[in-house]
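The values are calculated or read from the model by the stated rules, or taken from the named source; none is laboratory data. Bear in mind that the values here come from a model prediction, so they are computed numbers and not experimental data. Cβ coordinates were reconstructed from backbone atoms using ideal geometry, including for glycine residues, and neighbour counts include every protein chain displayed. Each accessible area value is taken on the protein alone, full model and side chains, heavy atoms only, with ligands, DNA and RNA left out. Shrake-Rupley method; radii C 1.70, N 1.55, O 1.52, S 1.80 Å.
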Amino acid sequence: MGKEDTSAKKRRKLNNSSSEISKQPPVDVYKRVVEFEESEAQSRSAEKDAVLFKKICQDVRQLFADIAELKTKGTNESKEKINAKRVEASLLLVALKKLNRLEKVRTRSGRDALNKEKQRVDSTHLLLQNLLYEADHLNKEVTKCLQFKSKDEEIELVSLEDFYKEAPEDISRPEITKNDEHQLQLARLEWELRQRRELAGACNELVSSKERVSAAIAAARSRLVALAPHLRDVLKATKPLQECLALRLDEKRDETRAASLLPPPLFLLYANASAYSDVLGPAHVTVGISGDEDEARRLDQLNTSIENDILVSNDSDSDQDNNDDDQVEKKKRYHRTAKISKEEKAEAKKKQVLQKHPLNVQVSVKIEDGTALNLIFFYLVNLKVVVVKFIMSFPRPITGVSAADVLNSDSILNELYPGDNGNDSPHPATTYLLNAAGVTDQFQNFIPEVGRPYIWAQRMCGLDFMAIILDDPKQYKPIVPSQSLSVVTVENFIFTLKKRLEARVELMKELQDLESGKIVPIKNDTPIRLSATLTQWQSVGWPEYSQSPSTAFLIAEGLVTAENMLYRAIVTRQSAKLVALVALSSDYPKKAPLFSLTLDWNGTHHAGVNDDIRDIERLINTNWDTNDSEAQTLSAQMTKLLTCIDILLETSGSVEFPPDKVILKQVRGRNRMKPYKILKQGPGLFVQY
């Protein structure tokens, strides 16, 4: 009964409380609980809750341990205690859950606070970046303002002294401008504007005057153009008269037009050589111009344009420096080009550095028998050197190998002047220019291709490289051709070359006779009957000449070099054989030939081992009259050689060589000297010197 009454009372209370609650307005309990726990989490200390959490956990462990111990007893009292312990443990678990919720609330509020702080920092950093950007922008604007160049700064104003001196008072205003730079600049600009307006007016007047003059020139030119056909008709009408009088007016006119395109050195050569050709006549000297006139005109225009570009570039350097910042860089376009080998590049560089002027001057020097030497003068544009090529022309064919060699153009021009063989460039900067162009070969290797740069050729063109020899070849100075040097050299060269040609023609005739075994006697000389005969005459090379024992002395003394013309003569008489090696210098007959003798009879004898041979060489090479040019000729010396060998053999006492000459005394003195001297008495009397 007691239990039923208590339950009835509880139901009544619940009903009453529920009726009261239903009467109250509805409230969001969860929200209120959450707000309460959030406020409680903020008010409570997290450290204290952590300590309480540890204590509750320890108590729960202890309760579980007690429950486990009570379960082992199994008594009724222990069961009641177990129920009480369970209730107590449940309450502790509820407290743990609350502590967990409080910690979650604190963690969430901490994260929210951290996010707010991050947002505040980000906004502050963004504001800082904006401020830095604005500061950088302001710095750039300040720099741009400081670097701003006004148009008036590009104007070259007159100096202050000239401004105050020339400008009127109403513009200069010295009482204001001397204290205010801005007003001073405005005043100077105003004065500059007034001056330029005055100059522009003067320029317009000059332009109008120029136009009037141009109109007058055009009118005169039109009249001249209209006159040109009439002049051509007149020239055509005078052609029969020109041919009758042997006048070369048309040719001269064409050559004059071509001469205007020649480089200065070749022009000097052409002018002076033409003057001597007019004086001496075309039978002795002829001058002409050949080549591509169109190419020469194009080259002249190219050089002129390059010089103008250089002048313009030099004048515009300052303006270019000021406008460099305003120019827009254009993108480079790269095109694929064909690959060029190193050999082709080297060949192209060589052709460029050895480029010849398109026009050349031809000078032909003739002698009385019709033999002529045609000289072709070229000008190397980049090396600034004149080179020469030559062609010989003969009135009749030449018989004989050795005779043809002496009229070879290289042989004739070799050492026309002492030491001038044309084997190297006389310009001291040639090697440097070749190296600068990437050409490693020496200039001597290009002589067969371009020609020989003789010193006399440079001087004929007015070039004197000896006057500009520099210690440093990089310090190149342009050479101005000398008119006086060209005049003197051309005259001297023409007469020197004519003498050389005449001497070589005479030598050619002598060699032709010697090759045929004929020796022409000297005029006004005592005729002598010769028993020895010339059986062979031919040219030899330097190796054969230098290897002979008889020539060692001449080579050691420098009397004979590889530049000489070398020959071998064989003289025989019965069993005796004489080999004579003959050396002729380039300026023969100014220098007599030098003989080296080797006698094959009863052994081999030459000047080094036989006194008689040495006496004959001394007599032939040195004992001649300097005033008698005929005594120095090759034929005269060969006659003397055959006479001496006859005397040597006839005085040897051998029955093989019976004497056929009048000899006063066969030997004389301690050295047994032979009678090589002839006295002009009767048929000739031979005595010792």
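Scanning region 379-404 for residues that are in a strand (DSSP E or B), among the hydrophobic types (A, V, I, L, M, F, W, C) and open to solvent by 30 Å² or more (accessible area, probe 1.4 Å) gives 390, 391, 392. Screening the candidates 460, 508 for the property of being at pLDDT 85 or above, surrounded by 17 or more Cβ atoms within 10 Å (Cβ to Cβ) and not assigned by the TED database to the domain that holds residue 374 yields one hit, 508. Scanning region 74-83 for residues that are small (Gly, Ala, Ser) and either surrounded by 11 or more Cβ atoms within 10 Å (Cβ to Cβ) or not assigned by the TED database to the domain that holds residue 59 (or both) yields a single hit, 78.
For residue 278, the test of being open to solvent by 40 Å² or more (accessible area, probe 1.4 Å) and assigned by the TED database to the domain that holds residue 377 is passed.
Residue pairs, Cβ under 6 Å, 6 or more apart or interchain, first in region 38-62 and without any contact (Cβ under 8 Å) to a residue 12 or more places away in the chain, second of a type outside the set (Lys, Arg) and open to solvent by less than 100 Å² (accessible area, probe 1.4 Å). List them. Hits for this filter: zero, empty list.
The residues on offer are 592, 580, and the sole one that is within 16 Å of residue 548 (Cβ to Cβ) and assigned by the TED database to the domain that holds residue 557 is 580. Taking every residue in region 79-100 that is free of Cβ contacts under 8 Å to residues at least 40 places away in the same chain and of a type in the set (Val, Ile, Thr) and pairing it with any residue that is surrounded by 13 or more Cβ atoms within 10 Å (Cβ to Cβ) and part of a helix (DSSP H, G or I), at least 6 positions away or on another chain, the pairs with Cβ-Cβ distances below 6 Å are 82/67; 82/70. Among the candidates 204, 272, which residue alone is under 30 Å from residue 496 (Cα atoms), surrounded by 10 or more Cβ atoms within 10 Å (Cβ to Cβ) and under 49 Å from the mean Cα position of the chain (by Cα)? Result of the check over 204, 272: 272. Taken over region 432-450, the criterion of being of a type in the set (Val, Ile, Thr) and open to solvent by 50 Å² or more (accessible area, probe 1.4 Å) is satisfied by 440 alone.
Please enumerate the residues belonging to region 657-668 that are open to solvent by 70 Å² or more (accessible area, probe 1.4 Å) and under 17 Å from residue 601 (Cβ atoms). Hits for region 657-668 are 658, 659. The test for being surrounded by fewer than 11 Cβ atoms within 10 Å (Cβ to Cβ), among the acidic types (Asp, Glu) and modelled with pLDDT of 80 or more does not hold for residue 20. Within region 586-599, residues that are touching a residue at least 12 places away in the same chain (Cβ under 8 Å) sit with their Cβ atoms under 7 Å from residues that are among the aromatic types (Phe, Trp, Tyr), at 6+ positions apart or across chains, in these pairs: 592/624.
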